[in-house]
Amino acid sequence: MDAEARGERALSDGDGDDAPIPLWSPEDGVRRVLVVTAHPDDVDFGSAGTVAAFTDAGLDVTYCICTNGEAGGSDRAMTRGEMAALRQDEQRAAAATVGVTDVRFLGHPDGRVQPTIELRRDISRVIRQVRPERVITQSPERNLDFIYASHPDHLAAGEAAVDAVYPDARNPFAHPELLGAEGLEPWSVRELWIMGPGAPAAGIAVETTSTVDRKVAALMCHKSQMPDPDGTAERIRTWAALAGETAGLPAGRSAEMFRVITIP
Ligand SMILES: [Zn+2]
């Protein structure tokens with residue numbers, strides 16, 4: 001059965017060579033999704049519009065945040081412990097805005113995330129607990145054209161998440177304490193989505209026209225990180241519209257795009 005017969009629309013990526021960017025369909029059989037990011041607010045910048053589209057379609061989405069975000073914000077009077085607690089609360093509120101209630105924090109040190117065996121184990125544990133068909137994470141590759149996306153913690157979280165998807169979570173002999181002491185059976189994630197690429201790297205586009213307002217609302221929950229909320233909201237809407245255009249959607253529509261890696 002080809003993409004059209006499955007009800008998917010093949011979209012132009014706008015670069016003139018007519019290479020199609022498939023549009024996500026809720027009929028693709030995926031029911032559980034895990035999003036792995038470095039900091040509170042990363043998931044909201046990168047994929048909250050998609051998460052809202054998923055939960056609207058009845059998918060279960062879990063967030064796994066590698067740090068508590070204690071190195072964020074500019075309030076020097078606040079202890080880092082207070083900042084961590086505040087940012088966890090902000091992330092839980094943002095998650096609820098897009099239909100997510102399962103938010104897990106791994107507590108690795110903000111600003112010093114490394115793709116260690118311990119971080120790989122901690123992400124593998126969550127994968128084996130949640131058993132998602134799809135994992136969304138940040139790119140482990142530095143983007144020199146958009147340096148904000150390539151915070152070293154993002155690169156490290158992305159690297160560890162990719163390692164956890166393949167091979168750790170599916171290998172019964174990786175992190176043997178997960179199967180031994182914790183009784184967590186191996187789990188094979190079928191699809192890895194990397195946030196943030198434009199065409200031609202994009203493997204899939206998710207239309208967010210009906211969810212971009214909730215994405216903005218989710219971002220506004222991160223008050224401690226938002227010195228210019230109006231400017232941020234405007235930037236988010238502009239990026240969403242540009243992504244929609246790049247994905248070949250009609251004018252005025254919004255999208256988020258992801259690179260897709262299939263791991264049979
Ligand atoms: Zn971040």
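The values are calculated or read from the model by the stated rules, or taken from the named source; none is laboratory data. All values reported here derive from a predicted model rather than from experimental measurement. Ideal geometry is used to build each Cβ from the backbone, glycine not excepted, and the neighbour counts take in all protein chains shown. What goes into the accessible areas is simple: the full protein's heavy atoms, side chains included, and nothing from ligands, DNA or RNA. Shrake-Rupley method; radii C 1.70, N 1.55, O 1.52, S 1.80 Å.
Charging the Cβ of each Asp and Glu at -1 and of each Lys and Arg at +1, and nothing else, the dipole of region 33-138 about its Cα centre rounds to 460 debye. The modelled label-to-label distance between R237 and R131, using points 7 Å beyond Cα along the C-beta direction, is 4.3 nm. Net length available on complete extension from Y166 to D102 is 20.7 nm, with 0.36 nm assigned per residue and the Cα-Cα distance removed.
Projecting the Cα positions of Y166, G183, W193 onto the charge dipole of the chain (unit charges on Cβ atoms of Lys, Arg, Asp and Glu, taken about the Cα centre) puts G183 furthest along the positive direction. Counting only DSSP H runs of at least 4 residues, each contributing -39500 (n - 2.57), and dividing by the residue count of the chain, the helix-based mean residue ellipticity at 222 nm comes to -11000 deg cm²/dmol. Fully extending the segment from I263 to E118, taken as 0.36 nm per residue of separation minus the present Cα-Cα distance, adds 49.9 nm.
Bridge orientation summary for region 120-264: considering DSSP beta bridges with both residues in this region, about 70 percent are antiparallel. Placing dummy labels 7 Å off each Cα toward the beta-carbon, the span from Y148 to K223 is 2.2 nm. Rounded to the nearest whole angstrom, the semi-axes of the ellipsoid equivalent to region 130-180, taken from the Cα gyration tensor as √(5λ), stand at 27, 11, 8, largest first. One decimal place: the segment A201-E141 gains 20.4 nm when fully extended, by the rule 0.36 nm per residue minus the C-alpha distance. Using only alpha carbons, region 125-264 has a radius of gyration to Kirkwood radius ratio (Rg to Rh) of 1.04. In a reduced charge model with +1 at each Lys and Arg Cβ and -1 at each Asp and Glu Cβ, region 119-264 shows a dipole moment near 220 debye about its Cα centre. Dipole size of the chain about its Cα centre, with +1 on Lys/Arg Cβ and -1 on Asp/Glu Cβ: approximately 580 debye, rounded to the nearest 20.
A 1.4 Å probe, protein heavy atoms only, puts the accessible area of E177 near 70 Å².
Put simply, the convex hull of the Cα atoms in the chain casts, on average, a shadow of 14.2 nm². Only protein heavy atoms count here; under a 1.4 Å probe, V165 has an accessible surface of about 0 Å². Can you tell me what share of the DSSP beta bridges in the chain is antiparallel? A percent to the nearest 5 is fine. That works out to approximately 40 percent antiparallel.
Of all complete DSSP H helices in the chain, those with a Cα span along the helix axis of 15 Å or greater and a mean Kyte-Doolittle hydropathy of 0.0 or more are 42-56, 152-165.
Size descriptors for region 54-158: radius of gyration and Dmax over Cα atoms are 14.7, 43 Å. Between region 83-134 and region 197-220, the alpha-carbon centres lie 20 Å apart. Ligands, DNA and RNA left out, the accessible area of the chain computed with a 1.4 Å probe is 52% carbon and sulfur.
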